[in-house]
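Written out below as structure tokens is the structure these notes cover.
The values are calculated or read from the model by the stated rules, or taken from the named source; none is laboratory data. Just so it is clear, the model here is predicted, and its values are computed rather than measured. Glycine also receives a Cβ, built like all others from the backbone with ideal geometry; neighbour counts cover every protein chain displayed. To get the accessible areas, we keep the full protein, side chains included, count just its heavy atoms, and leave off ligands, DNA and RNA. Shrake-Rupley method; radii C 1.70, N 1.55, O 1.52, S 1.80 Å.
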Amino acid sequence: METREFKNYVNGKWVSSSSGRTFESRSPATGELIGMLQLSNAQDVQEVVEAADAAFQKWRKYPAPKRAELVYKVSEILRARKQEMGELLTREMCKVLPEALGDVQEAIDMAMYMAGEGRRLNGLLVPSELPSKWAMAVRDPLGVVAAITPWNFPIAIPAWKMFPALITGNTVIWKPASDTPVLAERMIEIYEEAGFPPGVVNLITGAGGVVGDGLVTHPKVRLITFTGSTDIGRDVNMKAAQHLKRVSLEMGGKNAIIVMDDADIDLAIEGIIWSAFGTTGQRCTAASRVIAHQAIKKQLLDKLAARTAKLRLGDGLLPTTDVGPVINPKAVQKIHEYTEIAKKEGASVLVGGEPATEGDLARGAFYKPTIFDNVTPTMRVAQEEIFGPSLAVLSAKSLEDAIEINNRTNFGLSTSVYTTNVNRAFEAMRDVTTGLLYINAGTIGSEVQLPLGGTRGTGNGHREGGGPVVLDTFTEWKTIYVDYSGRLQRAQIDTDALVKKI
Ligand code: NAP
């Protein structure tokens with residue numbers, strides 16, 4: 001079968017890059033060529049920004065409930081194509097099929113949630129301190145929004161950004177990760193079918209350093225909503241600061257599961273396996289540390305190691321597969337470098353610790369689920385994001401000690417605490433300093449009704465993923481006073497005198 005060449009989507013049309021060049025997207029499990037994509041350049045960036053900027057002036061006046069109807073339509077089409085999109089997701093990015101379907105479902109949920117917001121978009125209406133004066137604040141869109149997204153949630157993460165951006169009246173340029181561009185193309189076909197006006201939703205593929213950077217530095221792009229690594233996010237933030245742009249950053253994690261001596265150990269093991277090795281450890285919220293109370297650590301580790309060793313690696317499309325490949329051969333190399341670092345620093349490898357190359361696995365990018373024991377809090381495997389199926393196990397004397405270890409990294413995304421003691425659960429709710437906290441569940445499992453995001457090196461204070469607070473990222477507050485008294489009323493000066501006259 002001939003491999004399809006996909007185009008950029010600009011101003012409602014599918015167009016080739018003026019570079020005349022393309023790049024490939026291949027399956028990490030089999031090396032299969034999934035599609036050819038436009039390797040866009042600076043001129044393409046200029047054209048897409050002009051298109052989105054021109055479309056903004058009309059789109060911002062489109063009633064929000066009507067904007068919401070289009071977003072809702074996306075959810076309906078996506079629901080009808082859920083299986084097809086899930087299978088493509090597994091082919092291009094290789095998380096196992098049930099997880100791929102979950103990724104698509106997250107976008108459906110977000111579209112439905114945000115479509116409801118189209119009929120709310122609550123502002124503020126408050127009493128004035130002066131008579132015959134109306135005081136309120138409304139949300140205005142920002143303008144052109146650039147959504148720069150990673151490959152690990154190639155459908156859900158763009159949905160977290162694009163639906164609220166569109167509902168609030170912004171136009172969007174999407175720059176997807178170069179590892180999952182075909183999914184982005186297929187997703188844009190759905191936006192097109194839903195009937196968005198030309199220029200409101202646009203797609204441009206190509207290298208982050210060219211297309212991403214071009215969007216970050218273009219003066220007409222007013223918001224950069226970026227999800228990716230902390231190093232690139234920092235760079236994006238610094239460049240955008242030159243233009244005083246708003247930048248919303250969702251970045252790396254070093255998430256921990258704390259297991260107390262009173263925990264249900266079997267339940268904790270289920271949560272650890274799911275959080276550490278689900279999506280092959282390539283979730284921003286994946287657990288890459290277990291902080292076990294010293295009294296139960298051995299018992300926990302014996303069972304955990306036995307379960308981990310039995311996990312079956314393979315193509316995510318096969319029902320027998322528990323753990324898929326990592327995103328590309330470079331990732332295998334990086335993960336293995338961390339295994340070597342761990343050993344050098346004195347940790348021991350309890351399970352895994354090497355690439356998996358048996359049989360068909362040799363065609364893909366596979367790494368064995370790995371557990372490091374005897375890890376101390378300052379070791380690099382306890383501090384740095386590896387983004388693969390590697391789990392560091394640390395020991396704590398008490399809940400206080402465990403929380404202190406948990407909080408002492410440069411990241412602050414997700415923490416989980418397993419305990420059957422209600423007081424300990426509430427202490428954790430008070431003292432853990434990550435943006436997400438789970439009690440008696442793993443580190444993953446966000447829902448669209450509540451915000452997702454992190455502290456320290458994980459984010460810069462914005463939230464996405466859901467809940468009404470995400471609207472703050474995509475809107476500017478406009479405060480409006482209407483004086484219908486027919487005279488000059490001076491706030492903070494005339495208040496007492498004017499009130500006496502009433
Ligand atoms: P990445 O390498 O930082 O890339 C993210 C996006 O930025 C991609 O679209 C990339 O394009 C683009 N990019 C690269 N260089 C750029 C530049 N100089 N200027 C502007 N954009 C540029 O991250 P990734 O490997 O795709 O994703 C994994 C990371 O994302 C992990 O650190 C993970 O923790 C994080 N993540 C965080 C969250 C969260 O909610 N906190 C969620 C998911 C993932 P190319 O693909 O073309 O290079």
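So which residues in the stretch 376-397 are under 22 Å from Gly278 (Cα atoms) and among the β-branched types (Val, Ile, Thr), if there are any at all? Val381, Ile386, Val393, listed by residue number. Within the stretch 2-14, the set of residues being assigned to a strand (DSSP E or B) and surrounded by fewer than 17 Cβ atoms within 10 Å (Cβ to Cβ) comprises Glu5, Lys13, Trp14.
Scanning the stretch 90-97 turns up one or more residues that are aliphatic (A, V, I, L, M), on the phi < 0 side of the Ramachandran plot and either in a strand (DSSP E or B) or away from the ligand (no atom under 15 Å from the Cβ) (or both). Restricting attention to the stretch 175-216, the residues that are more than 12 Å from the ligand (Cβ to nearest atom) and either in a helix (DSSP H, G or I) or basic (Lys, Arg) (or both) add up to 12.
Checked across the stretch 291-314, the condition of being among the small types (Gly, Ala, Ser) and within 16 Å of the ligand (Cβ to nearest atom) holds for no residue. In the stretch 226-249, the residues that are open to solvent by 70 Å² or more (accessible area, probe 1.4 Å) reach residues that are part of a strand (DSSP E or B) with C-beta atoms within less than 8 angstrom, at least six apart or across chains, in these pairs: Ile232/Phe226.
Among the residues in the stretch 412-428, are any part of a strand (DSSP E or B), assigned by TED's automatic domain parsing to the domain that holds Leu142 and open to solvent by less than 30 Å² (accessible area, probe 1.4 Å)? Taking every residue of the stretch 412-428 in turn, none turns out to be part of a strand (DSSP E or B), assigned by TED's automatic domain parsing to the domain that holds Leu142 and open to solvent by less than 30 Å² (accessible area, probe 1.4 Å). If you go through the stretch 203-226 and keep only what is out of contact with any Gly (no Cβ under 8 Å at 6 or more places or on another chain), under 21 Å from Val470 (Cα atoms) and of a type outside the set (A, V, I, L, M), you end up with just Thr225.
Just a yes or no: is a residue in the stretch 263-272 part of a loop (DSSP other than H, G, I, E, B), in contact (Cβ under 8 Å) with a residue 12 or more places away in the chain and out of contact with any Gly (no Cβ under 7 Å at 6 or more places or on another chain)? Give the steps one after another, and end with the answer.
Of the residues in the stretch 263-272, the ones part of a loop (DSSP other than H, G, I, E, B) are 263-264.
Pick out the ones that are also in contact (Cβ under 8 Å) with a residue 12 or more places away in the chain and you get 263-264.
Applying the additional criterion that residues be out of contact with any Gly (no Cβ under 7 Å at 6 or more places or on another chain) yields 263-264.
Yes, the stretch 263-272 contains at least one residue that is part of a loop (DSSP other than H, G, I, E, B), in contact (Cβ under 8 Å) with a residue 12 or more places away in the chain and out of contact with any Gly (no Cβ under 7 Å at 6 or more places or on another chain).
Which residues, taken from the stretch 280-299, are more than 19 Å from Val381 (Cα to Cα) and either open to solvent by less than 10 Å² (accessible area, probe 1.4 Å) or in a helix (DSSP H, G or I) (or both)? Lys298, Gln299 - these are the residues of the stretch 280-299 that are more than 19 Å from Val381 (Cα to Cα) and either open to solvent by less than 10 Å² (accessible area, probe 1.4 Å) or in a helix (DSSP H, G or I) (or both). Residue count for the stretch 137-174 under the criterion of being open to solvent by 10 Å² or more (accessible area, probe 1.4 Å), within 13 Å of the ligand (Cβ to nearest atom) and in a strand (DSSP E or B): the result is 1. Screening Asp472 on (1) out of contact with any strand residue (DSSP E or B) (no Cβ under 7 Å at 6 or more places or on another chain); (2) over 28 Å from Asn237 (Cα atoms); (3) of a type outside the set (A, V, I, L, M, F, W, C) shows it passes everything except condition (2).
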